[in-house]
Amino acid sequence: MKLVVMLGLIVAAPVLADEAQVALKEGEGKPLVEANCSMCHSLDYIQMNSTFLDRQGWEASVNKMIKVMGAPIRPDDVPLIVDYLNRNYGK
Amino acid sequence: MSFARRRFLVASAAGLALGGVRPFQALGADPALRTPGLPDGALDSARLDALPGKVPLIKRSWRPPNFETPVSYFEQAFTPNDAFFVRYHLASIPEVSAQQWRLQIAGDALDKPYELNLEQLRTSFEQVELNALCQCSGNRRGLSDPHVPGVQWGYGAMGNARWKGVRLKDVLARAGMKKEAVEVVFDGADGAVLDKTPDFVKSIPVWKALDDNTLLAFEMNGAPLPHWNGYPVRVIIPGWTATYWMKQVVSIQAVSQAYKGFWMATGYRIPKGKFPVVDRFTTQETEANTPITEMVVNSLITTPRNEQTFALLQPIEVKGLAWDGGYGIVSVDVSADAGRTWRTAELGTDLGRFSWRQWRFVIPAPRPGIHTIMARATNRAGCTQTQDLIFNPAGYHNNVMQRINIQVA
């Protein structure tokens, strides 16, 4: 429930500064991954979930974000994101 | 500018400014961060860091905040509030003041919906206190073999506390619950960043909602709940995993139809028939799976630590905790030879069937060499821990017996 909107409360976001410490590996597609994935969560979710997913596993994760969590990721960007994740954080 | 977009920009700007420098890298050596069996990326990305009002905990993710309690805190019977683990699914977490907080009690299976403020909740019903373990369904997920995606918890996504509050059944009774009620649905003040993300909403069967031990708690270990643990009020479902213990609860609905939101219909499900659990959640069951309910019997060795060394002829004290879904722990057995022989440990004070129970065992004078210490708890229902992982895709209910290796030299 979004009480923020209902009551105009202040949102506690002190962790936003800390998550800036997270540095993903350099590689093709990194800006795309940063821009899309960090909309909803810090990028350490990617690091934490490595290295045990294969390309299919990462594809399933990205698709879950789109289909279940409603992430507005452009269909054209999906393979590029999955490629980056698999290349840098894949099994 | 939308709320979501604004937060995103703040995050990116900060990322640019700091350039990903890792000031805590040296802490990688801290034993709390070296849980054997976690994925390499989870070990690398863990940090010891403090959320506001908390001591340094093991950071699994910054946003939403997921922070694990180091095992050293589990040497105490009650987990300090400022060391209690933090688990969120969604990143929009409002700071709720006691003055502004309101609880809606509604739903199609209630006659007289009403609203309570905090003072009314505290003073209109009998207050009760209860010791209960709060354990994330996915505690130890990071030890799953093969690994499964999700927050890669080690042993510390749990904590034991003394909760004070009022009974949910009393709050519901005032609203006149109809006989058609099948589930009670909880919603907290937190929300998603994107409108399309399913809000974190959970339901429990009506029989569990009417249980004397199911509480709406406003105190934890004699103090108000920490913000990160649900201030001002959270739901306490003793014996059941923490997914149902809604933090910052603002809405409770009694409903005549099973609640089918994502976090019930899809999330937090276990395969049917694989785990020795008693409590069923029949309105949510499908052919293949069912919502997770009570905790399985489990134990934790808090001391010695893995790879600790001991001098010859020195007795070694083994200590730990054991718990289950509320039937009660009847025994804990300890092995100092990798499970070949077992001896009975001494149980500590019984703090109530929903609390964990401390235990200890002394190994008189082990021979030189490497010894593997194991512990195995048994509950009143006759259930014990498993030797081999009962694999499930979400990594729930991991009660594999630990193996702690020590060296005597």
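The values are calculated or read from the model by the stated rules, or taken from the named source; none is laboratory data. Just so it is clear, the model here is predicted, and its values are computed rather than measured. We place every Cβ from the backbone using ideal geometry, glycine too, and count neighbours over all the protein chains shown.
Scanning the stretch B:309-330 for residues that are of a type outside the set (Phe, Trp, Tyr), in contact with a Phe, Trp or Tyr (Cβ under 9 Å, 6 or more places away or on another chain) and in a strand (DSSP E or B) yields B:316, B:317, B:318, B:319, B:320, B:321, B:322, B:329. The helices (runs of 4 or more DSSP H) falling completely within the stretch A:1-54 that include 1 or more residues that are over 30 Å from residue B:143 (Cα atoms) and modelled with pLDDT under 95 map to A:3-7. The single condition from (1) within 14 Å of chain A (Cβ to nearest Cβ); (2) in contact (Cβ under 8 Å) with a residue 40 or more places away in the chain that residue B:117 fails is (2). Here's a check for you: in the stretch B:228-247, which residue that is over 15 Å from residue B:98 (Cα atoms) and of a type in the set (S, T, N, Q) is surrounded by the fewest Cβ atoms within 10 Å (Cβ to Cβ)? Filtering first and then ranking leaves B:243.
Considering only residues that are among the hydroxyl-bearing types (Ser, Thr, Tyr) and part of a loop (DSSP other than H, G, I, E, B), look in the stretch B:351-409 and name the one that is farthest from residue B:237 (Cα to Cα). Filtering first and then ranking leaves B:396. Residues that are of a type in the set (S, T, N, Q) and either closer than 18 Å to residue B:74 by Cα or assigned to a loop (DSSP other than H, G, I, E, B) (or both) within the stretch B:340-350 comprise B:341, B:349, listed in sequence order. With respect to (1) within 14 Å of chain A (Cβ to nearest Cβ); (2) within 22 Å of residue B:284 (Cα to Cα), the lone exception for residue B:204 is condition (1). Scanning the stretch A:26-62 for residues that are more than 10 Å from chain B (Cβ to nearest Cβ) and either hydroxyl-bearing (Ser, Thr, Tyr) or at positive phi (or both) yields a total of 2. Condition first: more than 8 Å from chain A (Cβ to nearest Cβ) and in a strand (DSSP E or B). Can you find one or more residues in the stretch B:76-98 that meet it? Yes, the stretch B:76-98 contains a residue that is more than 8 Å from chain A (Cβ to nearest Cβ) and in a strand (DSSP E or B). If we scan the stretch B:267-275, do we find a residue that is assigned to a strand (DSSP E or B), in contact with a Gly (Cβ under 6 Å, 6 or more places away or on another chain) and within 30 Å of residue A:64 (Cα to Cα)? There is no residue in the stretch B:267-275 that is assigned to a strand (DSSP E or B), in contact with a Gly (Cβ under 6 Å, 6 or more places away or on another chain) and within 30 Å of residue A:64 (Cα to Cα).
Based on what the data block shows, is residue B:51 within 13 Å of chain A (Cβ to nearest Cβ), part of a loop (DSSP other than H, G, I, E, B) and at pLDDT 95 or above? So residue B:51 fits the description; yes.
Are any residues in the stretch B:120-131 surrounded by 13 or more Cβ atoms within 10 Å (Cβ to Cβ), without any contact (Cβ under 8 Å) to a residue 60 or more places away in the chain and either assigned to a loop (DSSP other than H, G, I, E, B) or aliphatic (A, V, I, L, M) (or both), and if so, which ones? Selection gives B:125 alone.
Restricting attention to the stretch B:281-321 and to residues that are without any contact (Cβ under 8 Å) to a residue 24 or more places away in the chain and not hydrophobic (A, V, I, L, M, F, W, C), the residue that is surrounded by the fewest Cβ atoms within 10 Å (Cβ to Cβ) turns out to be B:287. Restricting the search to the stretch B:212-232, which residues are closer than 21 Å to residue B:158 by Cβ and either in a loop (DSSP other than H, G, I, E, B) or within 14 Å of chain A (Cβ to nearest Cβ) (or both)? Those that are closer than 21 Å to residue B:158 by Cβ and either in a loop (DSSP other than H, G, I, E, B) or within 14 Å of chain A (Cβ to nearest Cβ) (or both): B:213, B:214, B:221, B:222, B:225, B:226, B:227, B:228, B:229, B:230, B:231. Taking the stated definitions as given, is residue B:251 within 14 Å of chain A (Cβ to nearest Cβ) and polar (S, T, N, Q)? Criteria met by residue B:251.
Looking only at the stretch B:144-157, decide whether some residue is in a loop (DSSP other than H, G, I, E, B), modelled with pLDDT of 95 or more, more than 14 Å from chain A (Cβ to nearest Cβ) and within 21 Å of residue A:61 (Cα to Cα). No: zero hits. Taking the criterion of being under 12 Å from residue B:254 (Cβ atoms), of a type in the set (Val, Ile, Thr) and within 12 Å of chain A (Cβ to nearest Cβ), the only residue of the stretch B:174-201 that qualifies is B:185.
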